[in-house]
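A short write-up of the structure that comes next.
The values are calculated or read from the model by the stated rules, or taken from the named source; none is laboratory data. These numbers come from a predicted model, not from an experiment. Here the Cβ is made from the backbone with ideal geometry for all residues, glycine too, and neighbour counts use every protein chain on show.
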There are 2 protein chains.
Amino acid sequence: MSSASPSTVSLVTTPTPRPKRATVHDVAVEAGVSRGTVSRYVNGERYVSASAREAIEAAILKVGYVPNTAARNLVMQRSQAVGFIVHEPHSLFVEDPNIGEILLGANTALSEADYQMAVLIVDSERDTERVARYLSGGLVDGVIIVSARAYDPISRVVERLNLPAAYVGHPPGASTASFVTIDNRGSARAITERLAATGRRRIGMIAAALDRDSGADRLAGFTEALGDRFDERLVEPVALYSYSAGRDAMQALLERAPDVDGVFAASDAVAAGAMEALRAAGRRVPDDVGVVGFDDSAWAKRTLPGLSTVRQPAAGLGRQAALLVLGQLRGEAGAQEVQLESEVVWRDSA
Amino acid sequence: MSSASPSTVSLVTTPTPRPKRATVHDVAVEAGVSRGTVSRYVNGERYVSASAREAIEAAILKVGYVPNTAARNLVMQRSQAVGFIVHEPHSLFVEDPNIGEILLGANTALSEADYQMAVLIVDSERDTERVARYLSGGLVDGVIIVSARAYDPISRVVERLNLPAAYVGHPPGASTASFVTIDNRGSARAITERLAATGRRRIGMIAAALDRDSGADRLAGFTEALGDRFDERLVEPVALYSYSAGRDAMQALLERAPDVDGVFAASDAVAAGAMEALRAAGRRVPDDVGVVGFDDSAWAKRTLPGLSTVRQPAAGLGRQAALLVLGQLRGEAGAQEVQLESEVVWRDSA
DNA sequence: TGCAGTTCTGTGAACGTGCACAGTTTCGAG
DNA sequence: CTCGAAACTGTGCACGTTCACAGAACTGCA
């Protein structure tokens with residue numbers, strides 16, 4: 001920065017000699033006005049004369065002023081950031097395309113409102129503690145919570161802090177928080193009925209994540225659709241919405257009920273695994289067994305044949321959740337529920 | 001929340017009456033010591049007597065004190081956060097499992113060092129401007145940059161701000177920043193040689209993302225491995241590492257060179273697409289055509305037969321990049337290059 | 001000219017920390 | 001008992017902003 005004279009070698013010991021930033025004070029001096037006026041200009045408030053405005057604009061450009069967010073946050077008592085809390089094992093974060101979509105949808109909406117997103121992944125006990133501390137630190141003004149399970153300690157922390165929050169999916173416990181969902185039950189019923197309408201007689205289900213509302217509701221819809229043709233022995237429950245779980249479950253189901261001719265898988269990933277197991281067992285899809293999934297994620301277009309499924313607007317879920325939080329931040333009324341539309345997408349797997 | 005008495009309806013106009021937080025001052029009063037002593041205790045410094053410590057501990061518990069991060073950031077001139085900049089179309093963020101893995105690896109390392117990660121996705125012009133403003137705002141102490149392309153405006157902003165940074169992949173331009181990579185060229189050479197060793201005579205490549213070092217290096221390694229048996233007409237370039245691109249490219253390649261009996265796809269997603277096209281064209285894998293990919297992502301285990309590929313330690317890349325940034329933050333020496341090991345994973349597709 | 005209303009401006013006080021520095025106590029050695 | 005070092009403690013200032021408030025300048029109207 002300064003041209004060191006050849007004789008004196010100045011050894012810089014400070015780690016990163018980042019250039020000191022211009023403050024609102026520097027701008028004020030440069031423009032020949034006061035701090036207050038500069039602040040008003042920056043925040044787009046009234047009562048700034050034309051001449052002052054011009055001088056300030058020039059000064060800002062000259063000194064390269066950018067507001068210091070920490071100082072602003074301190075005095076405004078807010079952070080202009082929203083936490084995105086994911087309650088999943090790391091592996092599923094990668095495997096489940098839905099979460100990525102939800103994150104993107106939320107990030108887009110937050111960006112548009114000039115909010116920042118802080119990603120918080122909770123996988124272990126240690127994470128829980130760390131995230132709780134983080135939330136308490138006042139670093140986020142609100143949170144979006146994805147895939148919380150029953151009796152989630154993080155949810156309790158959020159409630160205690162009275163932090164604006166929106167859940168993707170039903171919130172656990174008796175909380176009165178806002179949330180955004182799709183009609184899992186109705187959609188599951190619809191696609192099961194559609195599958196039945198193709199003439200299948202022995203329809204099974206690979207149910208997943210029954211400890212979450214999404215999983216439980218999909219099973220409920222399935223049961224409802226079949227009515228008295230429902231056979232409990234044709235339901236195979238698995239823990240997670242994963243490919244490998246679907247494959248193993250289908251294998252088990254085939255052993256127990258070789259005459260099964262239709263399968264509703266609780267997610268596309270599960271369905272893809274099931275199709276793999278069917279292929280390995282020499283069953284043709286859809287000729288021998290019809291398969292339907294749920295999500296319409298990237299999986300559905302990859303399978304062969306293309307998977308019939310329910311389109312879940314994942315990005316829209318994230319976006320809506322963000323909007324709910326932003327609404328609360330603007331002081332709008334409390335708990336809201338939003339249900340987004342989902343539709344059956346019929347391809348060739350059934 | 002509060003049980004309003006029937007006669008007096010109190011209309012709450014303040015947005016969220018968040019409980020006011022205890023400050024270091026409150027703790028000091030409660031414990032009967034000074035602010036300075038509390039501050040020393042909180043930051044684990046020396047010179048706090050046993051009696052003071054006990055009193056402070058009790059006081060903190062009683063008033064529920066949590067340090068205010070904004071105030072701390074302001075006085076310390078840092079934010080304790082690192083930006084994670086992704087330079088990709090939104091769609092690919094979802095489709096490419098690598099990015100998710102890299103993000104997780106980085107997030108883990110940052111969390112362990114008590115740093116927070118802010119996700120910044122750059123997709124449009126508007127995003128570029130927004131992110132530049134964000135970086136200038138002093139909200140991050142450093143950045144991890146994924147998949148930057150040549151002449152990236154964000155990279156220039158980072159350089160101008162003198163912000164500690166680490167790239168995943170070679171940084172664009174003549175920048176002297178730190179970065180972490182794998183040996184794309186050597187690995188591509190290795191797997192191509194291995195493919196050739198299975199007796200293939202007409203080996204083609206679906207090259208992708210040639211405007212990035214990863215894409216260009218993989219093509220270079222391929223060329224190198226084949227030597228004078230290299231045939232330029234067997235190279236099909238595509239823009240992105242995507243499934244659909246792989247499918248279309250394979251189709252084109254088959255039309256131009258029906259005698260092709262081996263294919264190196266620039267990524268697993270591309271390879272999966274290629275296998276789909278081969279299947280549609282009635283070619284058997286590996287009997288008629290051997291296929292190999294790159295990444296060892298979730299795709300590789302899903303294909304049928306399992307894909308031979310190069311294992312890329314995606315989480316490790318993210319982790320290393322985070323460590324490089326953290327190192328610079330601690331004031332350690334400047335630009336470093338780290339190369340992680342990658343290995344050929346041989347399955348059944350070739 | 002006086003006066004009220006509006007528009008504009010500057011000043012001082014927060015916000016909640018960390019840090020330098022000055023001051024006080026403790027303690028062991030001479 | 002004295003003295004100096006080491007262990008502790010408290011105070012004021014700085015960080016960069018917003019906000020309330022007091023006051024100045026400008027308007028239009030009587």
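Assorted remarks:
- Of residues in the stretch A:135-148 being in contact with a Ser or Thr (Cβ under 9 Å, 6 or more places away or on another chain) and not small (Gly, Ala, Ser), the one farthest from the other protein chains (Cβ to nearest Cβ): A:Ile145
- Search result, residues across the stretch A:321-336 that are more than 15 Å from A:Tyr115 (Cβ to Cβ) and more than 14 Å from chain B (Cβ to nearest Cβ): A:Gln336
- Residue in the stretch A:50-64 that is buried (at least 16 other Cβ atoms within 10 Å of the Cβ), among the polar types (S, T, N, Q), over 20 Å from A:Asp127 (Cα atoms) and modelled with pLDDT under 95 present: no
- Flag for A:Val292 being buried (at least 21 other Cβ atoms within 10 Å of the Cβ), closer than 26 Å to A:Thr198 by Cβ and either modelled with pLDDT under 95 or touching a strand residue (DSSP E or B) at 6+ places or on another chain (Cβ under 6 Å) (or both): yes
- B:Glu54 vs. criteria more than 8 Å from chain A (Cβ to nearest Cβ) and over 20 Å from the mean Cα position of the chain (by Cα): yes
- Restricting A:Ser49, A:Ser39 to those that are more than 29 Å from B:Leu163 (Cα to Cα), more than 14 Å from chain B (Cβ to nearest Cβ) and within 12 Å of DNA strand D (Cβ to nearest atom) reduces the list to A:Ser49.
- Of the candidates A:Ser111, A:Ser124, the single residue that is within 13 Å of another protein chain (Cβ to nearest Cβ) and over 15 Å from the mean Cα position of the chain (by Cα) is A:Ser124.
- Of the residues making up the stretch A:236-250, not a single one is surrounded by fewer than 24 Cβ atoms within 10 Å (Cβ to Cβ) and touching a Lys or Arg at 6+ places or on another chain (Cβ under 6 Å).
- Leading residue by the ranking (surrounded by the most Cβ atoms within 10 Å (Cβ to Cβ)) among those in the stretch A:178-210 that are under 22 Å from A:Ala321 (Cβ atoms) and polar (S, T, N, Q): A:Asn184
- Pairing each residue of the stretch A:320-338 that is charged (D, E, K, R) with any residue that is assigned to a loop (DSSP other than H, G, I, E, B), provided the two are 6+ apart or on different chains, yields C-beta distances under 8 Å for A:Arg330/B:Pro15.
- One residue alone among A:Val310, A:Val338 is surrounded by 18 or more Cβ atoms within 10 Å (Cβ to Cβ), over 13 Å from the mean Cα position of the chain (by Cα) and of a type outside the set (Phe, Trp, Tyr), and that residue is A:Val310.
- Boolean, B:Pro15 is loosely packed, with under 11 Cβ neighbours inside 10 Å, modelled with pLDDT under 90 and either assigned to a loop (DSSP other than H, G, I, E, B) or among the β-branched types (Val, Ile, Thr) (or both): no
- Failed condition for A:Ser214, given (1) within 30 Å of A:Val146 (Cα to Cα); (2) at pLDDT 95 or above; (3) more than 14 Å from every other protein chain (Cβ to nearest Cβ): (2)
- Hits in the stretch A:23-36 (condition: among the acidic types (Asp, Glu) and more than 9 Å from DNA strand D (Cβ to nearest atom)): A:Glu30
- Condition met for B:Pro164 (over 22 Å from B:Arg218 (Cβ atoms) and surrounded by 23 or more Cβ atoms within 10 Å (Cβ to Cβ)): yes
- Some residue of the stretch B:262-270 being assigned by TED's automatic domain parsing to the domain that holds B:Ala188 and over 26 Å from the mean Cα position of the chain (by Cα): yes
Conditions (1) within 11 Å of DNA strand C (Cβ to nearest atom); (2) in contact with a helix residue (DSSP H, G or I) (Cβ under 7 Å, 6 or more places away or on another chain), marked per residue:
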{"site": "B:Glu30", "(1), (2)": "no, yes"}
{"site": "B:Ser39", "(1), (2)": "yes, yes"}
{"site": "B:Ser51", "(1), (2)": "yes, no"}
{"site": "B:Leu61", "(1), (2)": "no, no"}
{"site": "B:Val66", "(1), (2)": "yes, yes"}
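- None of A:Ala257, A:Ala269, A:Ala216 is among the hydrophobic types (A, V, I, L, M, F, W, C) and without any contact (Cβ under 8 Å) to a residue 24 or more places away in the chain except A:Ala216.
- For the residues A:Leu210, A:Leu195, A:Leu219, the requirement of being in a helix (DSSP H, G or I) and within 26 Å of the chain's Cα centre (by Cα) singles out A:Leu219.
- Per the conditions (1) within 14 Å of chain B (Cβ to nearest Cβ); (2) in a loop (DSSP other than H, G, I, E, B); (3) of a type outside the set (A, V, I, L, M); (4) buried (at least 21 other Cβ atoms within 10 Å of the Cβ), the sole criterion not satisfied by A:Ser175 is (4).
- Here B:Val292 fulfils each of the conditions (1) away from chain A (no Cβ under 14 Å); (2) within 21 Å of the chain's Cα centre (by Cα); (3) more than 16 Å from B:His170 (Cα to Cα) apart from (2).
- First in the stretch A:63-80 and more than 9 Å from chain B (Cβ to nearest Cβ), second anywhere and basic (Lys, Arg), Cβ under 6 Å, 6 or more apart: none
- Counting only helices (runs of 4 or more DSSP H) wholly contained in the stretch B:239-305, the ones carrying 2 or more residues that are of a type in the set (S, T, N, Q) occupy B:243-256.
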